[in-house]
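Here the structure comes first, spelled out in C-alpha cells, and everything after it is commentary.
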Amino acid sequence: MSDALEQRQEDAATAPAEAAEIESVEEVEDDVAELDPEVVARRDAALAHVRKFGDPVLRTKARAVERFDEALRDEVRRMGLLMDDALGIGLAATQVGVLHRLLVYRVQSGAPLAALANPVIEWSSKEEEIAEEGCLSLPTVHVEVERPVHVRVRAQDEYGEPILIEASGLEARVIQHELDHLDGVLILDRTPRDQRKSAMRALREWRERHP
C-alpha cells in the first residue's frame, strides 16, 4: 500500500459524515455549492466509476468469493476509498463491475471500514420499518423501502475469517441494501409502484442531463 493510499484511508476514516442515507448523495447534491471544490471534484470522479441503472452487471447475481488473498484486500481498500470519495456509506462489488459477493460499509464517521465477503442473513426480525433510501447507482433517486429493523449476518472478512454481525437500525439497512445488490436487486424493486414510476422519470431526466 502506498503512503498516499494510507493517508487517504486515514482522511476518510476521520472525515465528518457527509451523507445520512443509504449510499446517498442527495443532501450533498442539494448543498453542492457549499462543499469544498476539491471534495466535489473527488466525488464526481468517484461516481464516474460506479455502474449506473441500465448496466447489466447491476442485475447479475455475484459469485462467491473463494480466494482471500492480497488482491481481494486491495479490492476492499479500493472500494472503501471509492465509497468515501463518493460520499456514500455502503458499496457492493457489483456496483463497480466486479461479480464478487463482497460489500463494504461505514455507517459512523471515524469507524473502521467493514468488509463482508459471502454475507448471508441468518435471521431477520419481524419488526420492520420504512425509510428513504438512495443509491449511488441510481442518481437523484430516493424511494421508501421497508426492511427488517434487526438482522443477524454470517460472513467472512477480507482474510477469510468467519464473522457474525448482529446489526440494527441504519447498519442493518445498509447491509440489506448492499446484499440486495449482490443478488441483482435494486431499491426500485422494493418500493411502491407510484414511487417506482417517479424514480424512473427522475432517472430519465438525469440521463438527459448526463448523456
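Tabulated results
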| read-out | value |
| --- | --- |
| Cβ-Cβ under 6 Å pairs, at least 6 apart or on other chains, the stretch 129-140 side touching a residue at least 60 places away in the same chain (Cβ under 8 Å), far side among the small types (Gly, Ala, Ser) and not in a strand (DSSP E or B) | 134/24; 136/86; 136/88; 140/202 |
| Qualifying residue in the stretch 167-177 (condition: more than 22 Å from residue 75 (Cβ to Cβ), outside any helix (DSSP H, G or I) and of a type outside the set (Gly, Ala, Ser)) | no |
| Tally of residues being outside any strand (DSSP E or B) and crowded, with 19+ Cβ neighbours inside 10 Å across the stretch 152-166 | 1 |
| Single unsatisfied condition, residue 4 versus (1) among the small types (Gly, Ala, Ser); (2) at pLDDT below 95; (3) surrounded by 13 or more Cβ atoms within 10 Å (Cβ to Cβ); (4) more than 14 Å from the chain's Cα centre (by Cα) | (3) |
| Scan of the stretch 98-131 for residues that are touching a helix residue (DSSP H, G or I) at 6+ places or on another chain (Cβ under 9 Å) and among the acidic types (Asp, Glu), ordered by number | 129 |
| Residue list for the stretch 87-125, restricted to those being of a type in the set (Val, Ile, Thr) and buried (at least 24 other Cβ atoms within 10 Å of the Cβ) | 89, 94, 104 |
| Where a residue in the stretch 191-211 is farther than 25 Å from residue 146 by Cα and its partner, wherever it lies, is assigned to a helix (DSSP H, G or I) and at pLDDT 90 or above, with Cβ under 6 Å and at least six apart | none |
| Residue within the stretch 125-138 that is closer than 30 Å to residue 202 by Cα, assigned to a loop (DSSP other than H, G, I, E, B) and out of contact with any strand residue (DSSP E or B) (no Cβ under 6 Å at 6 or more places or on another chain) present | yes |
| Selection within the stretch 40-82 - among the basic types (Lys, Arg), in a helix (DSSP H, G or I) and modelled with pLDDT of 95 or more | 59, 73, 77, 78 |
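The values are calculated or read from the model by the stated rules, or taken from the named source; none is laboratory data. What you are looking at is a predicted structure, and each value in this text was computed from that prediction instead of being measured. Don't worry about glycine lacking a Cβ; one is built from the backbone with ideal geometry, like all the others, and counts go over all protein chains shown.
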